[in-house]
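**Student:** Structure in structure tokens, see below.
Nothing in this text is a laboratory measurement; each read-out follows from the coordinates by a stated rule. What you see is a predicted model; the values in this text were computed from it and never measured. Please note: Cβ atoms are built from the backbone with ideal geometry, for glycine as well, and neighbour counts cover all protein chains shown.
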Amino acid sequence: MMGGAFTFNHFVYLLQGMMWTVVLSALAFVLGGVAGFGVMLMRTARTRLLRQISFVFVQLVQGTPLLILLFVVYFGLGVVGIELPPLLAAGVSLMVYSSAFLGEIWRGCVESVPRTQWEASECLALTRWQTLVDVILPQAARIATPPTVGFLVQVMKSTSLASVVGFVELTRAAQVVNNSLFTPFLVFGIAGVLYFALCYPLSRWSRSLERKLNVGRRQAA
Amino acid sequence: MSAVVKLHDIHKSFGSVEVLKGVSFEIEKGEVVAIIGRSGSGKSTALRCINRLETIQSGTLEVCGHRVDDQSLDLRALRQDVGMVFQSYNLFPHLTVEQNITLAPRRVKGVPNREARALALESLQRVGLAEKIDAYPEQLSGGQQQRVAIARSLAMQPKVMLFDEVTSALDPQLTGEVLRVMETLARGGMTMAVVTHEMAFARRVANRVIFMHQGKVWETGPGDMLADPKTAELRDFISNGL
Ligand SMILES: Nc1ncnc2c1ncn2[C@@H]1O[C@H](COP(=O)(O)OP(=O)(O)O)[C@@H](O)[C@H]1O
Ligand SMILES: [Mg+2]
């Protein structure tokens, strides 16, 4: 049914959806970041078994569409009696998804720090953990910023998939509004602009961070 | 005099390639030993075995009372007694000179932050670079970076210092400033094992020279032996260079 014009209330409804997109993204990123850090530690561990387990995990997750992951967590767990609310189901799926990708991105950054930095630290009697925290990670972070924020932008857009488990984020909200108004260009156009408003500052931030990190290193002390 | 470093019949292989074929030598307390030899003769490997950057296949190896060949070795205790300086400096590029020097003392020995700067300054004075305490490594010349690397090692108050071709990446003029620092250190009584291609330094500063060839200690003696080599291989090495 074509139900009238786009009103301010519709816009507020879209903004609410956008807020849930942000919440879901933040959830995915914080939880995925913590788990991804664990994946990175395992992928670079000295114990072979840990490396192998994390490798299989990463391959499995990276080879599975996020949508399937969502179905497994939401419907699959439902079958065995674990009913997750849509937000949690989407959050968990995105966490697993992000942890594999972030873990792999960060592993690459950690491994791009020359091995001689590990060796020099070892010779100074620093432990592996101290070396990681004080020597390796600060150097890896510099390289990691652009791909990490790039991935964050991707995750933010991927949260739209959570609409399939009934979670009303921005995309779902736009669908709902459009179903009553049937003005797809307008409604989805606005949704698109709102996504852009979320992602563009992130990209800008990534670029400025990159620049700042480079300058910081060159500055005379 | 008691030996601080004792290698006895060390064998070391990488895969199926035997790189050290029964290496034995000792270093006395306060002694400076120069290790010379062709590229690939096993000098770096021997040095790296001493602080367990490489594990050996057989032989006995004792350093400052630590049984390096033993499974139960306290690796971090060994590393506190043995300093090492590399050809490529390996300073931490994201830290200032002060932070480079004080990181390990603060983390490993629990030196309080307020004493750290004084410690850095003291170490830097020993290498003549006190004014560079707040600089970043990339603001320094190669020679200065290498001197900071030496200061960083010294700040842990090691009993033995290992130097692996520390001047090989430097221009002749920068080489001089690093060698002078090492000479001062040697005169100050530091126990040192120095892998080097600087024959003049070996002759003048080292108490003893070890010539390695094909994974073995081929010839050893006081610095003067370079003027009067006994083996054809050493004679060849001296006249043909590297
Ligand atoms: N990590 C390693 N893996 C395999 N072979 C190595 C390794 N390190 C050194 N080698 C080999 O061991 C031999 C001795 O090397 P090295 O001790 O570095 O000699 P030097 O320092 O006298 O030039 C060389 O043939 C070198 O190729
Ligand atoms: Mg070498």
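**Student:** What does the C-alpha gyration tensor say about the overall shape of the stretch B:77-170? Classify as rounded when a/c is under 1.5, otherwise prolate if a/b is larger than b/c, or oblate.
**Tutor:** oblate
**Student:** Please get the size of the charge dipole for the stretch A:8-220, origin at its Cα centre, with Cβ charges of +1 on Lys and Arg and -1 on Asp and Glu, quoted in debye to the nearest 20.
**Tutor:** On the way: 16 positive and 8 negative charges, 128 e Å.
Around 620 debye, computed over the stretch A:8-220.
**Student:** Using a cut-off of 24 Å between alpha-carbon atoms, which lysines can reach B:LYS43, once sequence neighbours fewer than 8 places away in the same chain are excluded?
**Tutor:** Output for B:LYS43: B:LYS6, B:LYS12, B:LYS21, B:LYS29, B:LYS159, B:LYS216, B:LYS230.
**Student:** Now a separate question. Would you please give the FRET efficiency between B:ALA200 and A:SER112, computed as 1/(1 + (r/R0)^6) with r the Cβ-Cβ distance and R0 = 35 Å, to the nearest 0.05?
**Tutor:** 0.35
**Student:** Mind giving me the FRET efficiency for A:ALA45 and A:THR7? R0 is 51 Å, r the Cβ-Cβ distance, nearest 0.05 is fine. Mind dumping the intermediate values first?
**Tutor:** On the way: r = 56 Å, r/R0 = 1.10.
It comes to 0.35.
**Student:** Helix A:170-181 versus the longest principal axis of chain A: what angle, 0 to 90°, nearest 10, using Cα atoms?
**Tutor:** For helix A:170-181, the angle is close to 10 degrees.
**Student:** Now a separate question. Quick one: A:CYS199, A:CYS123, fewest Cβ neighbours within 10 Å first, how do they rank?
**Tutor:** A:CYS199, A:CYS123
**Student:** OK, next. Based on the Cβ-Cβ distance from B:SER72 to B:SER16, what FRET efficiency comes out when R0 is 25 Å, to the nearest 0.05?
**Tutor:** For B:SER72 and B:SER16, the calculated efficiency is 0.30.
**Student:** Right, here's the next one. Could you give the distance between the Cα centres of the stretch B:1-76 and the stretch A:30-78, to the whole Å?
**Tutor:** 43 Å
**Student:** Okay, moving on. Enumerate the calculated ³J(HN,Hα) couplings along the stretch A:126-133 in order (Karplus 6.51 cos²θ - 1.76 cosθ + 1.60, θ = phi - 60°), each rounded to whole Hz, writing x wherever the residue is Gly or Pro.
**Tutor:** 6, 6, 4, 5, 4, 4, 4, 6
**Student:** I've got another one for you. So how do B:180-190, A:125-135, B:79-89 stack up, highest first, on mean other-Cβ count within 10 Å?
**Tutor:** The packing order, highest mean first, is B:79-89, A:125-135, B:180-190.
**Student:** Give, as ranges by residue number, the residues of the stretch A:109-123 whose backbone N falls under 20 Å from the point 7 Å along Cα→Cβ of A:PHE37.
**Tutor:** Taking a point 7 Å out along Cα→Cβ of A:PHE37, the residues of the stretch A:109-123 whose backbone N falls under 20 Å are A:109-113.
**Student:** Next up: So which trypsin sites (Lys or Arg not before Pro) in the stretch B:206-242 pass both tests, a DSSP loop state and at most 14 other Cβ atoms within 10 Å of the Cβ?
**Tutor:** Those that pass, being in a loop and sparsely packed, are B:LYS230.
**Student:** Moving to a separate point now. Counting only other chains, what is the mean number of Cβ atoms within 10 angstrom of the Cβ of each residue in peptide A:109-119?
**Tutor:** Taking the mean over all residues of the peptide, I get 2.
**Student:** Using +1 at the Cβ of each Lys and Arg and -1 at the Cβ of each Asp and Glu in the protein assembly as shown, identify which of A:ALA162, B:GLY42, B:ASN207 lies farthest towards the dipole's positive end.
**Tutor:** A:ALA162
**Student:** Also, I was wondering about something else. Would you mind ranking A:ARG46, A:ARG142 by Cβ crowding within 10 Å, fewest neighbours first?
**Tutor:** Taking fewest neighbouring Cβ atoms as first place, the list is A:ARG46, A:ARG142.
**Student:** Still on this model: Under a point spin-label approximation (7 Å from Cα along Cα-to-Cβ), what is the A:LYS157-A:GLN59 distance to one decimal in nm?
**Tutor:** Rounded to a tenth, the inter-label distance reads 2.9 nm.
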